[in-house]
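Just below is one structure, and these are the notes that go with it.
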Amino acid sequence: MMNKKVLKKVDEKILLLSIVGTLEAVKDRGITIDEAEKFLFSPHMIKELRLRQCNEKIIELIVKGCELEDIASLLPEKLNEVIVDLKKETIKIVKNYEEYSNTFWLQE
């Protein structure tokens, strides 16, 4: 059986910040939606986050990110608006996390 590692709050906050950055990069054409799917917005990521008992609101954001390719192909004129809304939703969730006070998060 797979080892269930619960994501720590700092990991969740870093994930949220990664979502914001990825959305911004897609919006500004720094990366493609296809590349964003390889980093974050994939069913595989959703599965892994559920196994690690990640905050369900974060998983919902990833699910919405998985829909970006469909929006781009079906309603391309709405893509930027959807990205902005998803980014706002992500930042709203980030605000619920405590301020990080340690010096280096990589040493957690």
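Only helical runs count toward this figure. For the chain, summing -39,500 (n - 2.57) over DSSP H runs of n ≥ 4 and dividing by all residues gives -19500 deg cm²/dmol at 222 nm. For the range 78-87, the Karplus equation 6.51 cos²θ - 1.76 cosθ + 1.60, evaluated at θ = phi - 60°, returns couplings of 9, 4, 4, 5, 5, 4, 4, 5, 5, 5 Hz by residue, with Gly and Pro reported as x. Using a simple spin-label model with pseudo-atoms 7 Å out from Cα toward Cβ, E48 and V63 lie 2.0 nm apart.
Excluding ligands, DNA and RNA, the accessible surface per residue across the range 23-108 is 69 Å² with a 1.4 Å probe. Rounded to 0.05, the FRET efficiency of the S18 and Y100 pair, given R0 = 22 Å and the Cβ-Cβ distance, is 0.95. Only lysines eight or more places from K57 in sequence, or on another chain, were considered; those with a Cα closer than 17 Å are K8, K9, K13, K47, K87, K88, K92, K95.
The values are calculated or read from the model by the stated rules, or taken from the named source; none is laboratory data. Model, not experiment: these values are computed from the prediction. Backbone-built Cβ (ideal geometry, glycine too); neighbour counts: all protein chains shown. For accessibility, only protein heavy atoms count, side chains too; no ligands or nucleic acids. Shrake-Rupley method; radii C 1.70, N 1.55, O 1.52, S 1.80 Å.
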